[in-house]
Amino acid sequence: MYKRVAALTLIAAAIGAMAPVAAQDKISGGVVKIGVLTDLSGIYMDNVGPGSVTASKFAIEDFGGKVLGKPIELVTADHLNKADVGANRAREWFDRDGVDVVTELGNSAVALAVMNIAKEKNRMSMVTGAGATRITGEDCKPTNVQWVYDTYALAKVGTLPLVQSGVKSWYFITADYAFGHSLENDGMRFIKGAGGTVAGSVRYPFPGNDFSSFLVSAQASKADAVVFASAGGDLQNEIKQANEFGLSKNQKLVAMLMSITDVHGVGLPAAQGMHYAETFYWNMDDDTRKFARRFQKEMGKMPTALQAGQYSAVLNYLRAVERAKSDQVEDVMKALKEMPINDMFARNAKLREDGKLLHDFYLVSVKSPKESKEPWDYYNIVKTVSGQDAYIPLADSACPLVKK
């Protein structure tokens, strides 16, 4: 009898010893490793870059620094706005360094390349800084999410009200790469659909510097609006040069994607009166102001929507790992789609079947210098548009994951 009890005790002890090992196996390598692959030195570095790294660190700190008792590690790299550089670094992170998720990816060409590798390696990608519709459209992946915006929503929220108010003819100056093409295509779709016309368009080699010839053509078109399908440093140069050429006297300048740092870069006198779609503004409420003041103390400026969205993405990734009790991509994706997404960036948001996060958009107008009451007080929120109304309907999605 004693031998039988002893044997059963040993078996029970062995099973008990195995349980923590099984649980530990759910966290690969005993650490949750997040890779922020961003533009640290190029034209998008103010919109994403070091600020997105800082936002990621804040998210990890606010979560507590550990998940399921395991440490959280952050690694960063500069993709130089080159798809091959980004793809090679992502592959190294997955194969050599045990990175679980690559995030930010503030360049659509880079994002599309890295998404493919993440899918191949059965790891996760979280796109916060890139907006091509292909990301959650025809090129969607079961291992990827698009957290902050896409060009469809930007174009819809940013152009329809202007066409409806009487801005009928448009001229496009477009960055000649995937993101610029997507902005242009979606912008033209909504302009024409609302009864507007496209007077002309030109594509410039990305990145650009001298936009004089393109601006002269836009001016000669006599279009009601000159729209810039670009971002970052290119956009700031375009707006500055457009004002030097006097376009703003007779034509409305419209940005398909603009951030608060772009407004700061060109100044309120040049940017005042511009309308565009945003996904975050630091001065909306107590929660946004708390995050923004903390960010400003660290970075010396207010956060962009992409940097606020990066905080949200990393925070909710960690929440999903905790909920799933696993960092395996299938488990995390399932948890993200099931759990509520609610923070200072994403209010009562929902992750959709195609990997797109549905959250509010805002149509903003840039204040005049007289309207601005303090540094970085740049926006009036004209309209709030729900994610359900801003994004392409799921029934129209080109994503192969969507059941028709």
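A few comments on the model shown:
- Highest-fluctuation residue, Trp282, Trp170, Trp93 considered, GNM on the chain with Cα pairs under 10 Å: Trp93
- Highest-fluctuation residue, Asn380, Asn348, Asn316 considered, GNM on the chain with Cα pairs under 10 Å: Asn348
- Student exercise, the chain dipole from Lys, Arg, Asp, Glu Cβ charges, in Debye to nearest 20: 840 debye
- Using a Förster distance of 22 Å, the FRET efficiency for Lys26-Lys337 (Cβ separation, nearest 0.05): 0.75
- Counted without the sites themselves, the longest stretch of the chain free of GluC sites (Glu not before Pro) in a DSSP loop having at most 16 other beta carbon atoms within 10 Å is 139-352.
- Angle in degrees between helix 151-164 and the longest Cα principal axis of the chain, rounded to the nearest 10: 30 degrees
- Gaussian network model of the chain, Cα within-10 Å springs - most flexible of Phe172, Phe58, Phe211: Phe211
- One quarter of the surface of the convex hull around the alpha-carbon atoms of the chain equals 22.2 nm², the direction-averaged projected area.
- Rounded to two decimals, the Cα-based Rg/Rh of the stretch 55-148, with Kirkwood Rh, is 0.97.
- Relative contact order, whole percent, for the stretch 71-214 stands at 18, derived from Cα pairs under 8 Å and 6 or more residues apart.
- FRET efficiency for Arg347 and Ala194, using Cβ-Cβ distance with R0 set to 30 Å, rounded to 0.05: 0.65
- Portion, in percent, of the accessible area of the stretch 231-346 that falls on carbon or sulfur, probe 1.4 Å: 45 percent
- Gyration tensor (alpha-carbon) shape descriptor, the stretch 160-260, a/c threshold 1.5: oblate
- Contact order normalised by residue count of the chain, Cα under 8 Å, 6+ apart, percent: 17 percent
- Surface per residue (accessible, 1.4 Å probe) for the chain, Å²: 40 Å²
- Calculated mean residue ellipticity, 222 nm, the chain: -14000 deg cm²/dmol, from DSSP H runs (n ≥ 4) at -39500 (n - 2.57) each, averaged per residue and rounded to 500.
- Computing FRET efficiency as 1/(1 + (r/R0)^6) for Glu371 and Asp97, where r is the C-beta to C-beta distance and R0 is 45 Å, gives about 0.40.
- Per atom type, the stretch 49-112 shows carbon and sulfur on 46% of its accessible surface, probed at 1.4 Å.
The values are calculated or read from the model by the stated rules, or taken from the named source; none is laboratory data. All values derive from a computational prediction rather than experimental measurement. Don't worry about glycine lacking a Cβ; one is built from the backbone with ideal geometry, like all the others, and counts go over all protein chains shown. Note: areas computed on protein heavy atoms with side chains; ligands, DNA, RNA excluded. Shrake-Rupley method; radii C 1.70, N 1.55, O 1.52, S 1.80 Å.
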